[in-house]
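Working notes for the structure below.
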Amino acid sequence: MPGSRGLPKAARLRTGAEFRRVFDQRQSCGNALFRIHYAPAPAARLGMAVSRRVSPRAVVRNRIRRQIRETFRLAHAGLPARDYVVLARPGAAGASRAELREALNQLWQRLT
């Protein structure tokens, strides 16, 4: 998408092997709504896992994913070069957009 301010493919984890590598070498931090696993990498890249256990409704899971992507996009420049996998916890389903962003921003700040 030319002119898009979205997340480029180079900034995303896309294969199962990339996710497995992060989980195998992981370090993590978290709060009540999210846990972030991370591993060293040449550049900051994002992967997400928002399962049906968080919410059976796809619209809720997609809302959570949008907030994860947007906060990562805004924090991307200041983050260390690592692969990040954000796992949503069940409490995220009932949180407001502002609460999701605040919880994610706290974690991104902790990781800088």
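The values are calculated or read from the model by the stated rules, or taken from the named source; none is laboratory data. All figures in this text were calculated on a predicted structure; none of them were measured in a lab. Here the Cβ is made from the backbone with ideal geometry for all residues, glycine too, and neighbour counts use every protein chain on show.
Within the stretch 68-84, the set of residues being part of a helix (DSSP H, G or I) and either of a type outside the set (Val, Ile, Thr) or surrounded by fewer than 19 Cβ atoms within 10 Å (Cβ to Cβ) (or both) comprises Arg69, Glu70, Phe72, Arg73, Leu74, Ala75, His76, Ala77, Gly78.
State all residues of the stretch 97-109 that are surrounded by fewer than 17 Cβ atoms within 10 Å (Cβ to Cβ) and either at pLDDT below 95 or more than 16 Å from Pro80 (Cα to Cα) (or both); if no residue qualifies, say none. The answer is Arg97, Ala98, Glu99, Arg101, Glu102. Got at least one residue in the stretch 44-56 being among the aliphatic types (A, V, I, L, M) and exposed (fewer than 12 other Cβ atoms within 10 Å of the Cβ)? Checking the stretch 44-56: not a single residue is among the aliphatic types (A, V, I, L, M) and exposed (fewer than 12 other Cβ atoms within 10 Å of the Cβ).
Test Ala92 against the criterion of being over 20 Å from Leu7 (Cα atoms), of a type outside the set (Ser, Thr, Tyr), buried (at least 17 other Cβ atoms within 10 Å of the Cβ) and in contact with a helix residue (DSSP H, G or I) (Cβ under 6 Å, 6 or more places away or on another chain), and give yes or no. Yes; evaluated as a whole, the condition is true for this residue. What do you reckon, is Leu87 buried (at least 17 other Cβ atoms within 10 Å of the Cβ) and not in a helix (DSSP H, G or I)? Yes: the conditions hold for Leu87.
The criterion of at least 2 residues that are of a type in the set (A, V, I, L, M, F, W, C) and touching a residue at least 60 places away in the same chain (Cβ under 8 Å) is met by the following strands (runs of 3 or more DSSP E) wholly inside the stretch 4-67: 34-40. Here is the figure for the stretch 79-111: residues that are over 17 Å from Gly47 (Cα atoms), among the acidic types (Asp, Glu) and touching a residue at least 24 places away in the same chain (Cβ under 8 Å) total 1.
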